[in-house]
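The values are calculated or read from the model by the stated rules, or taken from the named source; none is laboratory data. Predicted model, so just to flag it, every value in this text is computed and none were measured. Backbone-built Cβ (ideal geometry, glycine too); neighbour counts: all protein chains shown.
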Amino acid sequence: MSALRWTSRRGRALAGEIRVPGDKSVSHRAVMFAALAEGTSQVDGFLEGEDTRATAAAFARMGVRVETPSPSRRIVHGVGLHGLRAADGAIDCGNAGTGMRLLAGVLAAQAFDSVLVGDASLSKRPMGRVIDPLAAMGASITAGDGGRPPLHVAGGRALRGIAYTPPVASAQIKSAVLLAGLYAEGETEVREVHPTRDYTERMLAAFGWPIAFGDGWAKLTGGHRLHATDVVVPADFSSAAFFLVAATLVPGSDLVLRAVGLNPRRTGLLEALRLMGADITEEGRSTQGGEVVADLRVRHARLRGIDVPVELVPDMIDEFPVLFVAAAAASGTTRVTGAAELRVKESDRIAVMADGLRALGVRIDETPDGAVIEGGRLGAGEVESHGDHRIAMSFAVAGLVAEGTIGIGDCANVATSFPGFVALANGCGFAIDAP
């Protein structure tokens, strides 16, 4: 077990009102597009996580002035599409797969060479799925063994627009191609077999780029400009997911999560939980900067196992670890299919969750693209998160309903997506010990 170890046990009914940190996907893109815009933009609600700070730092190293007047606020002095300068060495993306893949699209069109590196976890993740379409546009990017980081991006390449259908449903692949398309000659179009989240499309429009998009498709032409705009980042749905499941599982809970982003390509877990019997309602629904936002009120409810509709899978790919916990605590059997992408996230999330749940006495059978989970009781035990922030937080939720204490190893990377998680969780009803 890692020295950075949590323990989680039964606490009290979850109650009160909380706000989870800002949306990570929106935070990455807000700083990135503000840097490439002409003029000065203000970003409020910016996620103060290691991943998003790494993206801001990457642009600062390429000559963009990024100010931090207060926590969760950034003032970005944009340099325009062609104003970036070569960094003085490799650009460290930390644990941020979003940051690396989107930066690859931007850097493919610059006049200078770049090198993108990441931490041990990111260095194991496949990048060929981004490199291939960028190469088809004229980019020159070489990777390490097995198409993994570091990425060496050659400068001075003229890009041309393409029509592309990604082999897997991935907003990161789509976004990398669209960002390269800003610099490309002609039209760039992405069509997806399964629609993915459209943060990039919505934000490009907000920054003034002519773009057409709908469910599963987007197209734009190069040669325009991005114009500075202020962005309010909604609360992150993936971070809210842990509290949605926790309050559902713990008897007596009645919890409100404020101003959560409800992008329709992000909230598959919400629909899956409701199909399982969850009591989650929306209050004060509104639109901010093109994104749907609402307060979510969640009360305890008894869950039952379901066959998770495959059409929901692309819209909940980051939330499957905590769904596995909900399924383990539900009555009956839950079946997940169509989720092979989970095997190439920060960890092989299917294998890691299966190993951990088995250690807690849960019956779970892995399949190549999912799992079959027999609900019932969760026992005490020791689990390993393998440095995956979402795995660590999911097993913290499991501790709320386990028959004893759960020890969770290797929890340092929680700071990448959810700084302050332990304090916020313990304040509303969790019982996590994190030395």
Please state which of the following conditions Gly156 fails to meet, knowing it meets all the rest: (1) out of contact with any helix residue (DSSP H, G or I) (no Cβ under 6 Å at 6 or more places or on another chain); (2) under 25 Å from Val31 (Cα atoms); (3) modelled with pLDDT under 95; (4) surrounded by fewer than 21 Cβ atoms within 10 Å (Cβ to Cβ).
-> (3)
Looking at the range 161-174, is at least one residue in the same structural domain as Leu81 (by TED's automatic domain parsing), in contact with a His (Cβ under 7 Å, 6 or more places away or on another chain), under 25 Å from Ser347 (Cβ atoms) and touching a residue at least 24 places away in the same chain (Cβ under 8 Å)?
-> yes
Out of the range 189-212, which residues are in contact with a helix residue (DSSP H, G or I) (Cβ under 6 Å, 6 or more places away or on another chain), part of a loop (DSSP other than H, G, I, E, B) and among the aromatic types (Phe, Trp, Tyr)?
-> Phe207
Counting only residues in the range 323-349 that are touching a helix residue (DSSP H, G or I) at 6+ places or on another chain (Cβ under 7 Å), within 23 Å of Asp198 (Cα to Cα) and among the hydrophobic types (A, V, I, L, M, F, W, C), the one modelled with the lowest pLDDT is identified as Leu342
Which pairs do you get when a residue that is touching a residue at least 40 places away in the same chain (Cβ under 8 Å) and crowded, with 24+ Cβ neighbours inside 10 Å, found in the range 408-435, comes within reach of a residue that is among the aromatic types (Phe, Trp, Tyr) and assigned to a helix (DSSP H, G or I), reach meaning Cβ atoms under 7 angstrom, with the pair 6+ apart or on two chains?
-> Ile408/Phe395
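If you scan the range 148-166, which residues turn out to be out of contact with any Asp or Glu (no Cβ under 9 Å at 6 or more places or on another chain) and of a type outside the set (A, V, I, L, M)? If you could, list the steps in order and put the result at the bottom.
Filtering the range 148-166 down to residues out of contact with any Asp or Glu (no Cβ under 9 Å at 6 or more places or on another chain) leaves 148-151, 157.
Result: Arg148, Pro149, Pro150, Arg157.
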All conditions in (1) surrounded by fewer than 22 Cβ atoms within 10 Å (Cβ to Cβ); (2) hydroxyl-bearing (Ser, Thr, Tyr); (3) more than 18 Å from the chain's Cα centre (by Cα) are true of Ser8 except (1)
Would you say Gly11 is assigned to a strand (DSSP E or B), assigned by TED's automatic domain parsing to the domain that holds Phe421 and either among the small types (Gly, Ala, Ser) or in contact with a Phe, Trp or Tyr (Cβ under 8 Å, 6 or more places away or on another chain) (or both)?
-> no
Single residue of the range 58-108 satisfying the filter (touching a Leu at 6+ places or on another chain (Cβ under 8 Å) and of a type in the set (S, T, N, Q)) that is farthest from Ile317 (Cα to Cα) | Ser72
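Search the range 172-191 for residues being β-branched (Val, Ile, Thr) and touching a Gly at 6+ places or on another chain (Cβ under 9 Å), and hand back the single one that is nearest to Thr98 (Cα to Cα). So that I can check it myself, show each step before the final result.
To start, the set of residues in the range 172-191 that are β-branched (Val, Ile, Thr) comprises 173, 177, 188, 190.
In the following step, the residues that additionally are touching a Gly at 6+ places or on another chain (Cβ under 9 Å) were identified as 177, 188, 190.
Numbers: Val177: 13, Thr188: 20, Val190: 18 Å.
Result: Val177.
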The listed residue being part of a strand (DSSP E or B), at pLDDT 95 or above and in the same structural domain as Met353 (by TED's automatic domain parsing), out of Leu255, Leu273 | Leu255
Within the range 99-130, how many residues are β-branched (Val, Ile, Thr), surrounded by 23 or more Cβ atoms within 10 Å (Cβ to Cβ) and under 29 Å from Val352 (Cβ atoms)?
-> 1
Do any residues in the range 310-331 that are assigned by TED's automatic domain parsing to the domain that holds Ala371 and within 18 Å of Gly379 (Cβ to Cβ) have Cβ atoms under 9 Å from those of residues that are of a type in the set (D, E, K, R) and part of a helix (DSSP H, G or I), where the two are at least six apart or on different chains, and which pairs are they?
-> Phe324/Arg349
Could you check Gly375 against (1) surrounded by 23 or more Cβ atoms within 10 Å (Cβ to Cβ); (2) under 20 Å from Arg302 (Cβ atoms) and say which number it fails?
-> (1)
